[in-house]
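What follows is a set of notes on a single structure, which appears directly below.
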Amino acid sequence: MIRYWLTPPAADADFDAKVTDICTLYREAPALAAGIVYAATDEVHQLFVSGRHGSPLDWLIDTAGVVAGVAIALQVARARG
């Protein structure tokens, strides 16, 4: 019985991979947040510039770009090892 508690089951390797992914996500969270906030402030700024207008759709497109950029950076980092 004690040996069971000291030897992790094979499924724990999968758990370790998930924990690593969560830690990586938390490491990248500031970049995501900064990009999303910057996109929002840019749209608000455009409200005060003549000839321009802020758009929630533009903010969503900018946010999708930030998410895609971080996802690509994570994939490149993972491929490099």
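The numbers here are math on the coordinates, done by the rules we state, and not lab data. A quick note: this is a predicted structure, and the numbers were derived from the prediction, not measured. Reconstructed Cβ throughout: ideal geometry from the backbone, glycine too, with neighbour counts over all protein chains shown.
A few points about this structure:
- Formal net charge of residues neighbouring residue 37 (Cβ-Cβ distance under 13 Å; K, R +1; D, E -1): -3
- Spin-label pair residue 46-residue 26: with each label point 7 Å from Cα along the Cα-Cβ axis, the two points sit 3.5 nm from one another.
- Within the range 32-81, trypsin sites (Lys or Arg not before Pro) in DSSP loop having at most 16 other beta-carbon neighbours inside 10 Å: 52
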